[in-house]
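Everything below concerns the one structure shown next.
The values are calculated or read from the model by the stated rules, or taken from the named source; none is laboratory data. Just so we're clear, the structure is a prediction, and the values are computed from it rather than from any experiment. Cβ placement follows ideal geometry from the backbone for every residue including glycine, while neighbour counts extend to all protein chains displayed. Please note that ligands, DNA and RNA were not included when accessible areas were found on the heavy atoms of the full protein model with its side chains. Shrake-Rupley method; radii C 1.70, N 1.55, O 1.52, S 1.80 Å.
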Amino acid sequence: VPVVVTIHDLIPLIFPPYSGSLRVRAYTRLVATAARQAEVVITDSQTSAQDIARLLGITGERLRVIPLAAEPSYRPISAHEAQPVLARHGLDRPYVLYLGGFDMRKNVSLLIEAFGAIASQTSVILAIAGRLPESDSAFAPDPRPIAARLHLGERVRFLGEVTEADKPALYSGALAFAYPSLYEGFGLPVLEAISCGTPVVVGAGSSLEEVAGPGGLAVPPYRADELRSALWRLIHEPSLRQELSAGGLEHARHYSWRQVASQTLDAY
């Protein structure tokens, strides 16, 4: 029978540390074989489509880009409505938010270093949300020792894992959302952030620029100086934040689950 395959990204083929185990290598070969035999391959972004064309040789009508969407709950939350959530997480002053994982690709270490370079010149804090690694490793560096080494103390707040219900308020309450990932097949947290009207700074070179659109600044993900400069601008230029917020909200309207469902049904 005809087969349709959805591939969110080809990270194990692009970043060797993500293809290490026998199980992952077997899974990757299975996906590649299934994709090459499929009638249609669906993926989330133009970036992933380019990777699939380059690495698996699938092009043309067989390859369809169907972007994801954010839930309707991701919308601008007023300061009054967000305040109880922020208070519960100890966010009592302006903050830049990171929310996500801590594997090496997420580039959280560079974010902390970039923020550390400007921390003494601003009252803003860096709030880091997500389940922290159980142990420090090269694959999943624990960000807490990095913050300690830079003597950042309370300037970096580790919120731990947060509920889905709290995320819209956390995004909306932030001056900016920082997501300097080295690579993403889509980057749903970025879409969630701009859907809440929050300007973003993202790592350039993958789908994040595509998802952020006019709602954010893109910087080379290996350049701490450029990330530091982008953070400084977002903290100190209210007019830039307003411009990016408006652009991001308009851009986010192009993404909907109804559209995802319709295009996916059409593919099948």
When the gyration tensor of the stretch 102-244 is built from Cα positions, what are the square roots of 5 times its three eigenvalues, in whole Å, from largest to smallest?
21, 17, 16
Once phi is turned into ³J(HN,Hα) by the Karplus curve 6.51 cos²θ - 1.76 cosθ + 1.60 with θ = phi - 60°, what whole-Hz value does each residue of the stretch 93-102 show in order, with x for glycine and proline?
8, x, 8, 9, 10, 10, 9, x, x, 10
So which trypsin sites (Lys or Arg not before Pro) in the stretch 96-167 are both in a DSSP loop and have at most 12 other Cβ atoms within 10 Å of their Cβ?
Arg131
Quick check: the distance between the Cα centres of the stretch 153-205 and the stretch 1-24, to the nearest angstrom?
25
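Please compute, over every Cα-Cα pair in the stretch 223-268, the percentage with a separation greater than 12 angstrom. Walk me through the intermediate numbers first.
On the way: 738 of 1035 pairs.
Considering the stretch 223-268, 71 percent of its Cα-Cα pairs are separated by more than 12 Å.
Please report, to one decimal in angstroms, the Kirkwood hydrodynamic radius of the stretch 1-103 built from all distinct Cα-Cα pairs.
For the stretch 1-103, the Kirkwood estimate is 16.9 Å.
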Taking H placed 1.01 Å from N in the peptide plane, check which residues at least 5 places from Tyr95 or on another chain put their amide H under 5 Å from its amide H.
Ile125, Leu175
Direction-averaged shadow area of the convex hull around the Cα atoms of the stretch 22-178, nm²?
12.1
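Taking every pair of Cα atoms in the chain, average 1/r, invert it to obtain the Kirkwood radius, and report Rg/Rh to two decimals. Provide the component values of the computation, followed by the final result.
Values: Rg = 19.1 Å, Rh = 19.4 Å.
Here Rg/Rh amounts to 0.99.
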The chain: most fluctuating residue of Asp103, Asp136, Asp44 per GNM, C-alpha cutoff 10 Å:
Asp136
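Could you work out the percent of alpha carbon pairs in the stretch 185-268 separated by over 16 Å, rounded to a whole number? Mind showing how you got there, number by number?
Numbers: 1917 of 3486 pairs.
Counting pairs separated by more than 16 Å, the tail of P(r) holds 55 percent.
Let me know the charge dipole size of the chain about its Cα centre in debye, to the nearest 20, where only the beta-carbon of Lys, Arg (+1) and Asp, Glu (-1) is charged. If you can, show how the numbers build up before the last one.
On the way: 24 positive and 27 negative charges, 72 e Å.
So the dipole magnitude of the chain works out to roughly 340 debye.
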Over the Cα atoms of the stretch 130-201, compute the convex hull volume and normalise it per residue, giving Å³.
121
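Roughly how large, in nm² to one decimal, is the mean projection of the convex hull of the alpha-carbon atoms in the stretch 187-227? Mind dumping the intermediate values first?
On the way: hull surface 10.4 nm².
Mean projected area of the Cα convex hull: 2.6 nm².
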Average accessible surface area per residue within the chain, 1.4 Å rolling probe, Å²
48
Once the stretch 162-220 is represented by equal point scatterers at the alpha-carbon sites, with solvent omitted, what log10 I(q)/I(0) does the Debye formula produce at q = 0.13, 0.24, 0.26 Å⁻¹?
-0.28, -0.88, -1.00
Degrees separating the helix 46-56 axis from the principal Cα axis of the chain, which is the longest one:
40
Sequence-distant or interchain residues sharing an amide H contact under 5 Å with Leu217, placed H: which?
Val200, Val201, Val202
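If eta is 0.692 mPa s and T is 37 °C, what Stokes-Einstein diffusion coefficient results for the stretch 108-166, Kirkwood Rh from Cα pairs, in µm²/s? Working shown, then result.
Numbers: Rh = 12.2 Å.
My calculation gives 270 µm²/s for D.
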Of all the accessible heavy-atom surface of the stretch 109-155, with the other protein chains kept in place and a 1.4 Å probe, what percent is carbon and sulfur?
53
Per GNM of the chain with C-alpha springs under 10 angstrom, the most fluctuating residue out of Ile235, Ile118, Ile128 is Ile118
Between Val260 and Gln121, how many nm apart are label points set 7 Å from Cα along the C-beta direction?
4.0
For Ser73, list long-range residues whose amide hydrogen, built 1.01 Å from N in the peptide plane, is under 5 Å from its own amide hydrogen.
none
